[in-house]
Amino acid sequence: MKRIIIILLMLICMPLAGCTAISELSSNVIQTNQWYPVAGFIDGDTFKIKTGSSETTIRLLYVDTPETKKQDSPADPFGPEAAAFTETLLTESQEVRLTFDKELKDRYDRTLAIVELKDGRILNEALIEEGLAKVLIIEPNVKMENAYKQLEQQAEQAKQGLWSNDAEINHTSFPVKKAARSGITIEVDKQAELVTITNTTDDAIQMKGWKLVSVRGNQTYPFSQYVLNAQKRVVISSADEVRSSDDDLLLWGATNIWNNKESDPAELYNEYNELVAVWED
C-alpha cells in the first residue's frame, strides 16, 4: 500500500515538474510585446537584458557605433560618448521592448533588435540622430534601411557628433546607384495620398521588380506585372477611398502612407535597385 501511494505521488509531481520546465523555457524566449529588464552594458550598440533565469546579449539593428574596446589601440573618436549615451538612456529606461527583422541572430549569437525605451524613443534612432552611430545594413535585415539613411543624412547635414569632422563625411557617405535612363518623373500629393509616375519617353517600360518608396515612413510599394506605356501616367493610391482617374490606377494595399507633418520624399527604383526618380519634399 505504501508503495502504491509513493507511485501516485510521483505521477502527480511529474506533470508539475514538466510545467515548471516549460514555463522556464518559455520565459527565455524573447517576445515582441514584452518589457525586459536591462542587465548590463557592453558598448554603444550592444548590451544585455534579463530573460527568464539567464541573460541575452542584444546587438542594435541597422547601426554601428565607434569601437571602445580595440585591443592595443585607443577607442575610436566618439566611441566613449556613444557608450555613455546608450548606458544613460538604458539606465533611465530600466526596461526595453524589442522588435526584429528577418534574421534574429548574428554570427556571434547576439540577438539583433530595434530597441524601444520606456519614454517611447527608439535607441537605434537616437544614436543616429545624435551622430553617435552610422547606418549599418546587413542583408536580409533591410526593413528600415531607407528611414535610417534619412536620419543619418539629417545628422550629417547638422554636423552632429561623428559628422562634425568633414573627413568623416567624405569617407563614409553612402553612394547612390543611379539608373542611366531618365525620362521618368514622380509627383506626390501627400494630402490625397496619390503618387503619379509619368513616362515621358517614347518607349514602353516594363516595371516588374520596380519599387516606390516613402522615405520617411520606410514603406515600399513593389510593382508586379505592369507596363507603363510611352507618354503615359500611372497613379498609385494609398487613400482611404478610391477615386476614379483617367490614368491607370494601382492600389498600394495600405492607407495613410505619406507623412503630412514632416518631410517625406519619394524614391523610385528599377529592378536592378537603381534610383530612377526622386520627388523632393
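The values are calculated or read from the model by the stated rules, or taken from the named source; none is laboratory data. From a predicted model like this one, the values you see are computed outputs, not experimental measurements. When we count neighbours, we look across all protein chains shown, and the Cβ atoms used for this are built from the backbone with ideal geometry, even at glycine. Heavy atoms of the whole protein, side chains included, go into the accessibility calculation; ligands, DNA and RNA do not. Shrake-Rupley method; radii C 1.70, N 1.55, O 1.52, S 1.80 Å.
If I ask for residues that are more than 18 Å from Asn229 (Cβ to Cβ) and in a strand (DSSP E or B), which ones from region 244-281 would you list?
Within region 244-281, Leu251, Ala266, Glu267, Tyr269, Leu275, Val278, Trp279 qualify.
Would you point out the residue of region 220-252, among those that are in contact with an Asp or Glu (Cβ under 6 Å, 6 or more places away or on another chain) and within 25 Å of Thr201 (Cα to Cα), that is surrounded by the fewest Cβ atoms within 10 Å (Cβ to Cβ)?
Ala230
Starting from residues that are out of contact with any Leu (no Cβ under 7 Å at 6 or more places or on another chain) and open to solvent by less than 30 Å² (accessible area, probe 1.4 Å), keep the ones in region 253-281 and report whichever is farthest from Ile186 (Cα to Cα).
It comes out as Ile257.
Starting from region 140-157, take each residue that is within 16 Å of Leu212 (Cβ to Cβ) and among the polar types (S, T, N, Q) and list its partners that are modelled with pLDDT under 85 and open to solvent by 30 Å² or more (accessible area, probe 1.4 Å), counting only C-beta distances under 7 angstrom and pairs at least six apart or across chains.
Gln150/Arg216
Being open to solvent by 40 Å² or more (accessible area, probe 1.4 Å), at pLDDT 95 or above, over 12 Å from the mean Cα position of the chain (by Cα) and farther than 24 Å from Pro265 by Cα is true for just one of Thr86, Thr91. Which residue is that?
Thr91
Step by step: first the residues of region 13-44, then only those that are in a loop (DSSP other than H, G, I, E, B) and at pLDDT below 85, then the one that is farthest from the chain's Cα centre (by Cα). Which residue is that?
Here the answer is Asn28.
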